[in-house]
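**Student:** There's a structure below that I have some questions on.
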Amino acid sequence: MTTTVKPPIWFWVVSGIALLWNLSGVFNYLNQAFNQQAILESINQAQREVFEGIPAWATAAFALAVFSGTIGSIGLLLRKKWAKPLFIISLVTAVAQFIHWLFVSNAVEAFGPSTYTMPIIVVIIGTYLIFFSKIGIQKGWLR
C-alpha cells in the first residue's frame, strides 16, 4: 500500500507560475523562429548582424531549454519526478545558449548592458525550479 502526500497550496501556485513562465519562453522561441523578418526590420544593423549570426546549435539549445522547461512544469502539475531532469536539461541548454549570446557574439555591444538581464533571471528561475522539484521529490509531492 502506498500513501500519497498532498502538496500545499503554494506548491500548485509555484507550479502554475512555472508553467506560465516556461510558456512565455516557448512563445519567445516561436516568435524568433517564425517571425524573423519582422524582428530584423525592427532592429539596427549591428543588432541585425548579431541576430543573423546565431548558429543553429544555439537556436536548438533555445528550443530545448524552453520546451523541456515547459514539459517539466507540466510534470510538476502532474506531480511527476521526471520534472527534475527536464528542469536540469532546460537550465543546461539555456546556459549554453547564453554563453554564445553573451560571450561569443557581439550581443552586449549591439544591444547594450541590459542584455545580461534576461539570462540572469532565467538562470535564477531555472536553478530554483530544479531545487523546487528536488524538494517536491523529498517531501513525496512528486512520484
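**Student:** Looking at the range 64-84, can you tell me whether even one residue there is of a type outside the set (A, V, I, L, M, F, W, C) and either touching a strand residue (DSSP E or B) at 6+ places or on another chain (Cβ under 6 Å) or more than 30 Å from Val5 (Cβ to Cβ) (or both)? Quick ask: steps written out before the conclusion?
**Tutor:** Applying the first criterion (of a type outside the set (A, V, I, L, M, F, W, C)) to the range 64-84 yields 68-70, 72-73, 75, 79-81, 84.
Still in the list and also either touching a strand residue (DSSP E or B) at 6+ places or on another chain (Cβ under 6 Å) or more than 30 Å from Val5 (Cβ to Cβ) (or both): none.
No, because not a single residue in the range 64-84 is of a type outside the set (A, V, I, L, M, F, W, C) and either touching a strand residue (DSSP E or B) at 6+ places or on another chain (Cβ under 6 Å) or more than 30 Å from Val5 (Cβ to Cβ) (or both).
**Student:** So for the range 60-71 (the condition being aromatic (Phe, Trp, Tyr) and modelled with pLDDT of 95 or more), does at least one residue qualify?
**Tutor:** Taking the range 60-71 as the starting set, the residues that turn out to be aromatic (Phe, Trp, Tyr) are 62, 67.
Those still in the list that are modelled with pLDDT of 95 or more too: 62, 67.
Checked against the condition, which is being aromatic (Phe, Trp, Tyr) and modelled with pLDDT of 95 or more, the range 60-71 yields at least one hit.
**Student:** Count, please, the residues in the range 48-70 that happen to be touching a Leu at 6+ places or on another chain (Cβ under 8 Å) and either outside any helix (DSSP H, G or I) or surrounded by fewer than 19 Cβ atoms within 10 Å (Cβ to Cβ) (or both).
**Tutor:** If we filter the range 48-70 for residues that are touching a Leu at 6+ places or on another chain (Cβ under 8 Å), which is where we start, we get 48, 51-52, 65, 68-70.
Remaining after also requiring either outside any helix (DSSP H, G or I) or surrounded by fewer than 19 Cβ atoms within 10 Å (Cβ to Cβ) (or both): 48, 51-52.
Selection size over the range 48-70: 3.
**Student:** With the structure loaded, tell me whether Tyr128 is free of Cβ contacts under 8 Å to residues at least 12 places away in the same chain, hydroxyl-bearing (Ser, Thr, Tyr) and assigned to a helix (DSSP H, G or I) or whether it fails that test. Write out each step before concluding.
**Tutor:** Details: free of Cβ contacts under 8 Å to residues at least 12 places away in the same chain: yes; hydroxyl-bearing (Ser, Thr, Tyr): yes; assigned to a helix (DSSP H, G or I): yes.
When the stated conditions are applied, Tyr128 passes them.
**Student:** I'm trying to understand the selection: among the residues of the range 105-125, which are surrounded by fewer than 12 Cβ atoms within 10 Å (Cβ to Cβ) and outside any helix (DSSP H, G or I)? Write out each step before concluding.
**Tutor:** At the first step, the residues of the range 105-125 found to be surrounded by fewer than 12 Cβ atoms within 10 Å (Cβ to Cβ) are 112-114, 117, 120-121, 124.
Hit for the range 105-125 is Gly112, nothing else.
**Student:** If you don't mind, there's one more thing I want to ask. Please verify whether Lys84 is surrounded by 19 or more Cβ atoms within 10 Å (Cβ to Cβ) and more than 13 Å from the chain's Cα centre (by Cα), treating the condition exactly as stated.
**Tutor:** Numbers: surrounded by 19 or more Cβ atoms within 10 Å (Cβ to Cβ): yes; more than 13 Å from the chain's Cα centre (by Cα): yes.
For Lys84, the condition - surrounded by 19 or more Cβ atoms within 10 Å (Cβ to Cβ) and more than 13 Å from the chain's Cα centre (by Cα) - is met.
**Student:** Another question, then. Part of a helix (DSSP H, G or I) and either modelled with pLDDT of 95 or more or surrounded by 18 or more Cβ atoms within 10 Å (Cβ to Cβ) (or both): is that true of Ile39 in this structure? Break it down into steps so the answer makes sense when it comes.
**Tutor:** Numbers: part of a helix (DSSP H, G or I): yes; either modelled with pLDDT of 95 or more or surrounded by 18 or more Cβ atoms within 10 Å (Cβ to Cβ) (or both): no.
Judged against the criteria, Ile39 is not a match.
**Student:** Among Leu91, Leu77, which is the only one that is within 15 Å of the chain's Cα centre (by Cα), surrounded by 13 or more Cβ atoms within 10 Å (Cβ to Cβ) and either at positive phi or modelled with pLDDT of 95 or more (or both)? Give the steps one after another, and end with the answer.
**Tutor:** On the way: Leu77 fails: within 15 Å of the chain's Cα centre (by Cα).
One residue alone meets the criteria, Leu91.
The values are calculated or read from the model by the stated rules, or taken from the named source; none is laboratory data. Just so it is clear, the model here is predicted, and its values are computed rather than measured. Heads up, the Cβs are rebuilt from the backbone with ideal geometry, glycines too, and the neighbour counts pull from every protein chain shown.
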